Amino acid sequence: MQKLILYIFSNHKDFAIEIDNNSKEAELRYIELISIFWNITAKGIELVPIIQMNDEIRTKYNTFVKKYTKEVPRLNRLKSSLDQIKNDEFFFTSNKSSHTPKEILFIGNLIDVHNTTNDDKERAKLFQKKLETQDDFFDNLLAKYNIKVFDTSSKISIGEPNRKNRICRFCKMGEKDGKKFKKKAHAFSEALGNKTIVLNEECDDCNEKFGSNIEKDFIQYLDVYRVFFKVKGKNSIPKLKFNNNAVVSNVEKKDIPENNLEILDDTENLMVVVSQNIEHNKETGDLTVLLESNNKLKEVNIYKTLCKYALSVIDSNELQHFEKTIDWINTNNEQEINLPKIAHLIANHMYVDTPMLSLYIRKDNDYTHPYVVAEFKFKSLIFVYILPFSSKDMQNFIENEKYNLFWKTFKHYDSVKDWVFNNFSDTKEKKYQFRMRMVNNNTNKTE
């Protein structure tokens with residue numbers, strides 16, 4: 001069954017809405033939706049890719065959402081995405097179900113130049129310059145790697161649809177071995193907001209084991225961000241307790257006394273931090289909070305979880321090259337093994353509403369570069385990492401010289417400042433610390 005898609009790109013967040021084309025009513029609803037943005041004539045639909053936000057569009061989409069939100073609750077997220085676009089700001093629309101990384105860059109450049117200047121000649125010059133930079137960044141990379149993007153804004157079921165024929169990717173067993181596939185196994189943890197990408201080839205036992213072990217540690221590592229970005233996961237937004245009675249929680253606008261509502265501006269939620277360990281820089285006005293968790297985690301489980309996510313979406317034909325990687329993910333009491341660094345970046349301008357994973361799979365046998373590199377995005381956080389122990393790699397990329405050679409090939413990463421390179425090889429359980437810095441210019445930075 002063909003799905004009807006509306007994809008919206010902006011400088012704030014990207015969002016896709018799907019409507020099942022299973023009835024005349026659904027088709028009419030889709031036409032009503034796209035008529036907010038595109039021209040519907042007797043001759044057909046005139047797609048208008050680049051659009052400037054205005055009050056008329058706002059009135060139309062608010063009316064549409066109000067009309068259908070009970071039937072399609074997901075429309076509230078569409079409204080939230082559009083609400084962030086200011087009047088006179090440009091955004092891009094598409095009816096494609098997926099876009100290549102190069103297309104996404106092209107669209108981003110198009111939006112940028114329209115929002116930078118109103119002069120068509122200046123736009124053309126700026127756009128050409130951006131395209132040349134893009135080609136410089138990506139032509140060599142695309143010659144070396146195939147790129148696949150998995151975006152949780154659309155529903156995807158990966159692997160064998162028939163339960164009786166399924167073989168678990170992580171224990172290599174199926175129903176004939178006594179394994180069950182009754183639970184919905186999310187390719188990326190549901191606690192991070194993934195409701196749509198499901199892995200058919202993960203048995204209930206492995207799903208339970210990973211959820212209570214390695215994935216639990218990774219989610220705990222991201223808990224403060226889950227509060228800040230109001231990620232509910234399976235249940236409610238978490239309320240976190242740290243040492244020295246420190247608390248991090250999310251407070252809804254309705255729970256704030258009316259005489260204090262001015263502190264919220266136009267936001268509906270506020271992250272509240274209660275702690276005795278708050279340092280105040282009198283010169284800058286910045287506040288720094290050091291939070292130490294009451295719980296323990298293994299740093300290696302952060303790496304394992306990220307690799308598990310990548311192996312959950314990779315084509316099944318590639319799994320033969322990652323048997324050692326899967327064995328390593330399954331091992332609990334392992335001896336510490338040196339692993340490649342994980343690059344980590346907080347980039348508010350690259351915010352994504354729901355988790356996204358990109359895979360770079362090497363085309364050739366140039367062993368100076370890793371076989372598979374993955375990028376996982378969660379809100380404003382980006383993790384870039386190598387899938388270790390591949391039979392298609394001849395080196396481990398632990399040495400700085402070899403790692404740096406690989407990193408410089410990915411020019412779109414290397415050109416960005418502020419990357420932090422972490423070593424997540426430690427197998428010992430330990431309490432983790434989280435340092436939050438609140439800057440006195442109405443922007444927040446966390447470390």
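Residue pairs whose Cβ atoms lie under 6 Å apart, separated by 6 or more positions or on different chains, with the first residue in region 410-429 and in contact (Cβ under 8 Å) with a residue 60 or more places away in the chain and within 24 Å of residue 147 (Cβ to Cβ) and the second small (Gly, Ala, Ser) and outside any loop (DSSP other than H, G, I, E, B), are 419/343; 421/343. How about region 351-400: which of its residues are surrounded by fewer than 16 Cβ atoms within 10 Å (Cβ to Cβ) and either closer than 24 Å to residue 190 by Cα or in contact with a His (Cβ under 6 Å, 6 or more places away or on another chain) (or both)? Within region 351-400, just 391 meets the criteria. Scan region 297-306 and tell me whether some residue there is in contact with a Phe, Trp or Tyr (Cβ under 9 Å, 6 or more places away or on another chain) and loosely packed, with under 14 Cβ neighbours inside 10 Å. No - not one qualifying residue is present in region 297-306. Scanning region 282-315 for residues that are more than 22 Å from the chain's Cα centre (by Cα) and under 22 Å from residue 171 (Cβ atoms) yields one hit, 298. Filtering region 96-110 for residues that are within 30 Å of residue 30 (Cβ to Cβ), surrounded by fewer than 18 Cβ atoms within 10 Å (Cβ to Cβ) and at pLDDT 90 or above leaves an empty set.
No other residue among 62, 76, 87, 140 is exposed (fewer than 15 other Cβ atoms within 10 Å of the Cβ), touching a residue at least 60 places away in the same chain (Cβ under 8 Å) and more than 12 Å from residue 9 (Cβ to Cβ) apart from 140.
Among the candidates 148, 183, 195, 172, the residue that is in a loop (DSSP other than H, G, I, E, B), touching a Ser or Thr at 6+ places or on another chain (Cβ under 8 Å) and surrounded by fewer than 19 Cβ atoms within 10 Å (Cβ to Cβ) is uniquely 195.
For beta carbons closer than 7 Å, sequence separation of 6+ or different chains, a first residue in region 361-385 that is under 16 Å from residue 325 (Cβ atoms) and a second that is among the basic types (Lys, Arg) and in a loop (DSSP other than H, G, I, E, B), the qualifying pairs are 371/392. Of the residues making up region 211-248, those that are part of a helix (DSSP H, G or I), out of contact with any strand residue (DSSP E or B) (no Cβ under 6 Å at 6 or more places or on another chain) and at pLDDT below 80 are 244, 245. Exactly one residue among 345, 339 is closer than 30 Å to residue 107 by Cα and in contact (Cβ under 8 Å) with a residue 12 or more places away in the chain, and that residue is 345.
The values are calculated or read from the model by the stated rules, or taken from the named source; none is laboratory data. If you're wondering where the values come from, they're calculated on a predicted model, not measured in any experiment. No Cβ is skipped: glycine too gets one built from the backbone with ideal geometry, and neighbour counts run over all protein chains shown.
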